[in-house]
Every structure is written in structure tokens, then in C-alpha cells.
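The values are calculated or read from the model by the stated rules, or taken from the named source; none is laboratory data. Small disclaimer: the values here were computed from a predicted structure and weren't measured. Don't worry about glycine lacking a Cβ; one is built from the backbone with ideal geometry, like all the others, and counts go over all protein chains shown. Heads up: the accessible areas ignore ligands, DNA and RNA and are worked out on the full protein's heavy atoms, side chains in. Shrake-Rupley method; radii C 1.70, N 1.55, O 1.52, S 1.80 Å.
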Amino acid sequence: MPYVNVQITKGASREQKAEIVKDITDSLQRVLGKKPQHTHIVIQEIEPQDWGFAGMLTDDWLKQQE
């Protein structure tokens, strides 16, 4: 039973999340032969101020890009 945890910053639409779930499920079926009905995918949305990379919080990085 595959379990995939996808963590993203908040802002994805429901349609985008559905596409992510479908693509990951399809890949696991194609590459590993996993049954879609046994595949679990959890999408966790994280506030930009709670995610950091390149030595900065994401919300600060986004402000710099404006």
C-alpha cells in the first residue's frame, strides 16, 4: 500500500491538487504496478511563513521577488 505525503506551501487550487493526486497515482501504477485503489496520497499545505529555504522564510523570499 503506497503512502505518499506531498508538502507544499498554501495556494494550490483544488483542481491542481486533484491533478497532483492523479499524476502520482498514475506514476505508481505505471512504474511499480501499484493498484490505484491501494494508493494513498496526502497533501499538506504549509503557510509560507512556516517554510524556509535558501536561508529565508518563503514569505520573505516572495516579497523580494516583487
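In table form, for the structure just shown:
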read-out	value
Matching residues in the range 57-66 - criterion: being under 19 Å from the mean Cα position of the chain (by Cα) and open to solvent by 60 Å² or more (accessible area, probe 1.4 Å)	Leu57, Leu62
Residue within the range 9-28 that is in contact with a helix residue (DSSP H, G or I) (Cβ under 9 Å, 6 or more places away or on another chain) and of a type in the set (Asp, Glu) present	yes
Restricting the range 1-56 to residues that are modelled with pLDDT under 95 and of a type in the set (A, V, I, L, M), the residue that is most open to solvent (accessible area, probe 1.4 Å)	Met1
Enumeration of residues in the range 1-53 that are free of Cβ contacts under 8 Å to residues at least 12 places away in the same chain and aliphatic (A, V, I, L, M)	Ala18, Val31
